[in-house]
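Comments concern the structure below.
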Amino acid sequence: MNDLIPITDTAAQLNELLGTFMTEVFRCDTADMLRLLKREDLSMPRIAALNVVERQGAASISEICAYLDLSLGNTSILIDKLVCRGFVTRVEHVSDRRHKLVRLTEKGQALIQELRTARVNSVVQRMLLLPPELLDRVVDVLRDVTAQLPPPSSVERSARAPMIQSQAPRADT
């Protein structure tokens, strides 16, 4: 039981610090992001679906459904709207022609890149306001962190999120 205390403290500290950091650095890009989403008639579930497809290269409706935690019907409607807007296509599964896979089109890839670039540029602009010596340390730490992070898998994401939440300090300890 005591082995969990350092993990809990670290998880709680990361939760607090990253939450504060993300709130601060993303504060300025909200209006830009909303304009981009409105321009392309996109919602957060549609963006999330595009990101799933982008990460996997191709995904079935069922895989997207499971990731978004939506019903199969709602996910299918969401994908239909992305197809109509030209962001994704449906292609036959190589081994089973009855199943369809969703893939990004060039337009979908360009949109994902535009969203990513806009968000990164927003963070960079905020970070450049830091004193140079602190910015140098941040760059070094980010380089080390990104080199050490293992690639996420869908199993890790789904298994880890409840674990971190359940490890939050309890009021009685």
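Couple of notes before you dig in:
- Length added when fully stretched, residue 91-residue 14, from 0.36 nm per residue minus Cα-Cα: 23.6 nm
- Segment residue 22-residue 142, length gained on full extension (0.36 nm per residue, minus Cα span): 41.8 nm
- Cβ crowding within 10 Å ranks 8, 30 as 30, 8, fewest other Cβ atoms first.
- Working from Cα pairs under 8 Å separated by at least six residues, relative contact order for region 43-104 is 38 percent.
- Cα-based equivalent ellipsoid, region 43-104: semi-axes from gyration tensor eigenvalues, Å: 17, 12, 11
- Its Cα centre serving as origin, region 43-104 has a Cβ charge dipole (Lys and Arg +1, Asp and Glu -1) of approximately 200 debye.
Every number here is computed from the coordinates shown, using simple stated rules; none is lab data. Here the structure is a predicted model, which is why all the values come from computation and not from measurement. Positions of Cβ are generated from backbone atoms using ideal geometry, with glycine treated the same way; all protein chains shown enter the neighbour counts.
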